[in-house]
1. Which residue, of 64, 112, is surrounded by 11 or more Cβ atoms within 10 Å (Cβ to Cβ) and either in contact with a strand residue (DSSP E or B) (Cβ under 7 Å, 6 or more places away or on another chain) or modelled with pLDDT under 85 (or both)?
2. Of the conditions (1) out of contact with any Phe, Trp or Tyr (no Cβ under 7 Å at 6 or more places or on another chain); (2) surrounded by 13 or more Cβ atoms within 10 Å (Cβ to Cβ); (3) at pLDDT below 90, residue 55 clears all except one; give me its number.
3. If you go through the stretch 28-46 one residue at a time, how many are under 22 Å from residue 88 (Cβ atoms) and assigned to a helix (DSSP H, G or I)?
4. Looking at the stretch 7-23, is at least one residue of a type outside the set (Gly, Ala, Ser), at pLDDT 90 or above and part of a loop (DSSP other than H, G, I, E, B)?
5. Contact list please: Cβ distance under 7 Å, first residue in the stretch 99-121 and closer than 16 Å to residue 131 by Cβ, second residue surrounded by 10 or more Cβ atoms within 10 Å (Cβ to Cβ) and not basic (Lys, Arg), pairs at least six apart or on different chains.
6. For residue 50, are the conditions met, namely being surrounded by 13 or more Cβ atoms within 10 Å (Cβ to Cβ) and modelled with pLDDT of 90 or more?
Amino acid sequence: MILSLGEKLLDLRKKSGFSQEEVAEKLNVSRQTVSKWETDQTTPDLVKAKLLSELYHVSYNYLICESPISGDLTSIEMIVDEIDWTSAWSKKYPILSTYQGIKGIEIYREQISKMYDTFKKEYQFSDADTALVLKDILYQKYRMSKKKK
């Protein structure tokens, strides 16, 4: 199933938790304009399309190109890979947008990068598998620390 631009915009807005009014305010257009985009009555101009891609944390290419989307994980990965997760999650977890500026954080970034490279080489994992396994290990540690509290 190929989603139209309007269907993508509607889906992305709902997933982002924005109302049409909020999107309109952020893009300096009317709510009716947003509604017309979402119902494929009109199309946003190139500048607005770029702003929409930034607002919804998806690539401009994903937004304007026809893409087959279905409910299976393989199809969903096409969208997921285009999302800037740091920006997307920063609204809920502000630390994600600020930790890079913390003095000394670069030391930990380097240590974690070395661990990543060593882990990947030792187990001969792909980059994606390495990231997923290390993320899962950290998540398990996080869950254990929450249980102790």
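The values are calculated or read from the model by the stated rules, or taken from the named source; none is laboratory data. Given the structure is predicted, the values throughout are model-derived calculations rather than measurements. Heads up, the Cβs are rebuilt from the backbone with ideal geometry, glycines too, and the neighbour counts pull from every protein chain shown.
1. On the way: 112 fails: either in contact with a strand residue (DSSP E or B) (Cβ under 7 Å, 6 or more places away or on another chain) or modelled with pLDDT under 85 (or both).
None of the other options fit; the residue is 64.
2. Among (1) out of contact with any Phe, Trp or Tyr (no Cβ under 7 Å at 6 or more places or on another chain); (2) surrounded by 13 or more Cβ atoms within 10 Å (Cβ to Cβ); (3) at pLDDT below 90, residue 55 violates only (3).
3. Count: 3.
4. yes
5. Going by the 7 Å Cβ cut-off, the qualifying pairs are 116/130; 116/134; 119/130; 119/134; 120/130.
6. It is false that residue 50 is surrounded by 13 or more Cβ atoms within 10 Å (Cβ to Cβ) and modelled with pLDDT of 90 or more.
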